[in-house]
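Here the structure is laid out as structure tokens; the discussion comes afterwards.
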Amino acid sequence: MKYFIVIYICSYMQGTECQIIETSKIFKDYQNCAVYGYSFSQSLIQNFPQEFANKYKPYTQFVCAEKLFT
């Protein structure tokens, strides 16, 4: 079974909505998808400027879902 990932970038700031981060990645299994999600999230947060991260308190959410169609 193949999996795709949907990643959201969110903020703890009140009144903001999570935004989808576009990706077309397809994974051969759930584990590879989940590891990618955590790795991508870590890299994204680490690369925000410190002032931005401390002000907007960004975080990510992601889901790995089975790709039902080819």
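What follows is calculated from the coordinates using simple rules that are stated; it is not laboratory data. Fair warning: this is a prediction, and the values are worked out from it, not measured in the lab. In this analysis, Cβ positions are derived from the backbone assuming ideal geometry, glycine residues included, and neighbour counts consider all displayed protein chains.
Here is a yes/no grid of residues against (1) in a loop (DSSP other than H, G, I, E, B); (2) in contact with a helix residue (DSSP H, G or I) (Cβ under 7 Å, 6 or more places away or on another chain):
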| position | (1), (2) |
| --- | --- |
| ILE5 | no, yes |
| TYR8 | no, no |
| MET13 | yes, yes |
| THR16 | yes, no |
| CYS33 | no, no |
| SER41 | no, no |
| GLN46 | no, no |
| LYS55 | no, no |
Top-ranked residue in segment 1-13 [being surrounded by 11 or more Cβ atoms within 10 Å (Cβ to Cβ) and among the aliphatic types (A, V, I, L, M); ranked as farthest from ALA65 (Cα to Cα)]: ILE9
So PHE62, is it among the hydrophobic types (A, V, I, L, M, F, W, C) and loosely packed, with under 12 Cβ neighbours inside 10 Å: no
Subset of segment 14-59 that is closer than 12 Å to PHE4 by Cβ and of a type in the set (Val, Ile, Thr) - its residue that is surrounded by the fewest Cβ atoms within 10 Å (Cβ to Cβ): ILE26
